[in-house]
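S.K.: Mind having a look at this structure? Questions to follow.
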Amino acid sequence: MVYGLASGITSSIIPAVLAHLNLTPADFLFPVSIAAGIAVSLGMCAVLFIMVIVHRRAFLGKLEQGAERKPDDLKQVPSLAERHDLAMDMLAERYDLTGREQETASLMARGYTVKRVAEELVVAESTVKGYGKSIYRKMGIHRKDELIAMVNEAKKLT
């Protein structure tokens, strides 16, 4: 754009003005070409300088906006563990599970065996089996894979 503007000025306007002043091409060709070269160079420098300043201000403005944002303003994507916990909270509330039943259901939904759940909760295996029966009854299910499916469905809602 700058080159087109400069070449248009040097090839049409300047010769017309000089012809109007009764100067021959030999009289003005060398000085005009030097002046045009200097004008184009200075014009391009000015345009680049302005572009750098404008873009720098815009970039710094975006940085300042980012610094002013609070973490609450930014939507955080929950991790897999957080989504699991949110899904379990939702199911526990919906099916009126006790805290211990929720912990047991959470571990069972992760695929833990009765023995492993008992170790994690530091209770007897028979206690975990009792929690399991209560969880299944409240949720209207009969198997562990149904529990896992319900937790996975609840994760989709979080």
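Derivation of every value follows stated rules applied to the coordinates shown; laboratory data play no part. Please read these numbers as outputs of a predicted model, since none were measured by experiment. Counting neighbours? That spans all protein chains shown, and the Cβs are built from the backbone with ideal geometry, glycine included.
S.K.: Based on Cα positions only, what radius of gyration and what Dmax would you give for region 112-153, in angstroms?
M.R.: Taking only Cα atoms of region 112-153, I get Rg and Dmax of 10.6, 30 Å.
S.K.: Related question: For residue 133 and residue 113, what does the FRET efficiency come to when R0 = 22 Å and r is the distance between their Cβ atoms, rounded to the nearest 0.05?
M.R.: 0.85
S.K.: What area, in nm² and to one decimal, does the C-alpha convex hull of region 72-158 cast on average over all directions?
M.R.: 5.9 nm²
S.K.: Still on this structure, please answer the following. Taking region 129-158, which trypsin sites (Lys or Arg not before Pro) meet the DSSP loop condition and have no more than 13 other C-beta atoms within 10 Å?
M.R.: Sites meeting the loop and neighbour criteria: 143.
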